[in-house]
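Below you'll find the structure, written out as structure tokens, and then a few comments.
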Amino acid sequence: MTDSPLDLIGFDALLSDDERATRDRVRAFVESHVRPGIAEWYDRGEFPRELIAPMGEAGLLGMHLQGYGGGGRSAVEYGLAAAELEAGDSGIRTFVSVQGSLAMTAIHTFGSEEHKQQWLPGMAAGEIIGCFGLTEPNAGSDPASMQTVARRDGDDWVISGSKRWIGLASIADIAVIWAQTEAGIRGFIVPTDSSGFTATPIGQKLSMRASIQCDIVLDEVRVPADAQLPGAEGLRGPFTCLNQARYGIMWGVMGAALDSYRAALAYVQQREVFGKPVAAYQLTQQKLVDMALEIDKGFLLALQLGRLKDAGQLQPHQISVGKLNNTREAIAIAREARAMLGGNGITLEHSPLRHANNLESVRTYEGTDDVHTLILGNAITGIAAFR
């Protein structure tokens, strides 16, 4: 017997010693820091801020970035870490993604040397929290239609507008805000204690309850000229960061799927009905096999795309392959696992329904299923169906 479908295909043999060591280290972090409290945090709708410093100490924040406190780890190592974090909870992986793949990547890739020196080491340590303000109430899948505006006023920039579904904003020290200017879309580093900046957590969520998402209002927020990210012009800036986050998601969701599978497998092995374990029935074994095959395929896909990323060959549409397929399969696996737990599966004693609820958000943010489908349709046909 094995509790991991990855053992069926000898997945570990495809990883280097360093990659396995990184995975095992993050898995141990999740076991000791996340699993003991996640049900309570989720139930209370509370993000565990006490995990931020330990995540920094563990090298999980900006672990894919070179220098300035970043971990300098490979794309595959980052992906394996994302899978282990999301096996704990999507909200924990999302924190690492917003901090590292979005806010830190924006500064690392497009910021000035002064920006990098000022912000990145503290962010890597978890001493400074960042958020990434792109999505707006009326501009989600179509960020080019954003209505937030930055205008010059003497030597300063004045930013006005609103953002929605911005992770970490209410606890962030700085926000990377994307806004329309006379020269097109540009990015700005905005301290969240600036006059006119307000972040309000979104409540009554049925998903991502151990995470923070906010509405942001920018009411004539004034920042100096050097707040602008000098290397970011147009949508290439935010999309570069989004692709880094999407890459992590394709791994992360497979962690949620794997944790759901393991929960279901353990349950059906010990639960007896009609005189024998539920695992002894043919329908149960078929469900487990189908789930295991999709998990194996999802991890193999993520690994292939991670190898391409480490080689500098990964294309944007390939990221859509991973994000679309793996998120879609992960939510189906989590739902099936919940059903296998029967009525007990609706409690927070078991993880699958929590994972399934979280994945409803994950399949929506960083590009919906429909958006990634059309990206792939464009790659296949050469015709952009979303314009």
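For Pro54, indicate whether it is open to solvent by less than 10 Å² (accessible area, probe 1.4 Å) and over 28 Å from Lys297 (Cα atoms). Even if it seems obvious, please write down each step before you answer.
Working: open to solvent by less than 10 Å² (accessible area, probe 1.4 Å): no; over 28 Å from Lys297 (Cα atoms): yes.
So Pro54 fails the test.
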Problem set entry | Filter result for Glu336 (acidic (Asp, Glu) and either surrounded by fewer than 19 Cβ atoms within 10 Å (Cβ to Cβ) or not in a loop (DSSP other than H, G, I, E, B) (or both)) | yes
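Would you confirm whether any residue within the range 250-267 is touching a strand residue (DSSP E or B) at 6+ places or on another chain (Cβ under 8 Å), assigned to a helix (DSSP H, G or I) and β-branched (Val, Ile, Thr)? First the steps, then the outcome.
Filtering the range 250-267 down to residues touching a strand residue (DSSP E or B) at 6+ places or on another chain (Cβ under 8 Å) leaves none.
No, that holds for no residue.
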Exercise. Take the residues of the range 298-333 that are without any contact (Cβ under 8 Å) to a residue 24 or more places away in the chain and part of a helix (DSSP H, G or I): which is surrounded by the most Cβ atoms within 10 Å (Cβ to Cβ)?
Worked result: Gln318
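Just the residues that are polar (S, T, N, Q), in a helix (DSSP H, G or I) and open to solvent by 20 Å² or more (accessible area, probe 1.4 Å), please, taken from the range 95-132. Break it down stepwise before answering.
Residues of the range 95-132 polar (S, T, N, Q): 97, 99, 101, 105, 109, 112, 117-118.
Now restrict to residues that are in a helix (DSSP H, G or I): 97, 99, 101, 105, 109, 117-118.
Those that are polar (S, T, N, Q), in a helix (DSSP H, G or I) and open to solvent by 20 Å² or more (accessible area, probe 1.4 Å): Thr109, Gln117, Gln118.
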For this session: May I ask you to verify whether Arg271 is in contact with a strand residue (DSSP E or B) (Cβ under 7 Å, 6 or more places away or on another chain) and farther than 27 Å from Gly167 by Cα?
Result: yes
Exercise. Can you name the number of the only condition in (1) surrounded by fewer than 14 Cβ atoms within 10 Å (Cβ to Cβ); (2) closer than 21 Å to Leu134 by Cα; (3) among the small types (Gly, Ala, Ser) that Gly231 fails?
Worked result: (1)
Problem set entry | Matching option when the condition is under 20 Å from Cys241 (Cα atoms), of a type in the set (Val, Ile, Thr) and surrounded by fewer than 23 Cβ atoms within 10 Å (Cβ to Cβ), among Val371, Val362 | Val371
Exercise. Hey, among Ala330, Ala337, Ala311, Ala292, which residue is under 19 Å from His372 (Cβ atoms) and aliphatic (A, V, I, L, M)?
Worked result: Ala330
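Looking at Leu353, is it open to solvent by 10 Å² or more (accessible area, probe 1.4 Å), part of a helix (DSSP H, G or I) and not polar (S, T, N, Q)? Please lay out each step first, then the result.
Numbers: open to solvent by 10 Å² or more (accessible area, probe 1.4 Å): yes; part of a helix (DSSP H, G or I): yes; not polar (S, T, N, Q): yes.
Yes.
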Exercise. Given (1) under 22 Å from Glu272 (Cα atoms); (2) in contact with a helix residue (DSSP H, G or I) (Cβ under 8 Å, 6 or more places away or on another chain), where does Gly342 come up short, assuming only one miss?
Worked result: (2)
Seminar exercise, completed: The lone condition Ser170 fails out of (1) in contact (Cβ under 8 Å) with a residue 40 or more places away in the chain; (2) more than 24 Å from the chain's Cα centre (by Cα) is (2)
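Tell me yes or no: at least one residue of the range 59-69 is outside any loop (DSSP other than H, G, I, E, B), crowded, with 16+ Cβ neighbours inside 10 Å and of a type outside the set (A, V, I, L, M).
Here is the first cut: in the range 59-69, the residues outside any loop (DSSP other than H, G, I, E, B) are none.
Checking the range 59-69: not a single residue is outside any loop (DSSP other than H, G, I, E, B), crowded, with 16+ Cβ neighbours inside 10 Å and of a type outside the set (A, V, I, L, M).
Could you identify the single residue in Ala150, Ala179, Ala139 that is at pLDDT below 95 and open to solvent by less than 10 Å² (accessible area, probe 1.4 Å)? Steps first, please.
Details: Ala150 fails: at pLDDT below 95; Ala179 fails: at pLDDT below 95.
None of the others qualify; the one that does is Ala139.
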Problem set entry | Some residue of the range 75-94 being assigned to a loop (DSSP other than H, G, I, E, B) and among the hydrophobic types (A, V, I, L, M, F, W, C) | no
Exercise. Counting just the residues of the range 193-211 that are open to solvent by less than 30 Å² (accessible area, probe 1.4 Å) and more than 22 Å from the chain's Cα centre (by Cα), which one comes out nearest to Pro238 (Cα to Cα)?
Worked result: Phe197
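The values are calculated or read from the model by the stated rules, or taken from the named source; none is laboratory data. Treat the numbers as computed from the prediction; the structure is a model and nothing was measured. Backbone-built Cβ (ideal geometry, glycine too); neighbour counts: all protein chains shown. What goes into the accessible areas is simple: the full protein's heavy atoms, side chains included, and nothing from ligands, DNA or RNA. Shrake-Rupley method; radii C 1.70, N 1.55, O 1.52, S 1.80 Å.
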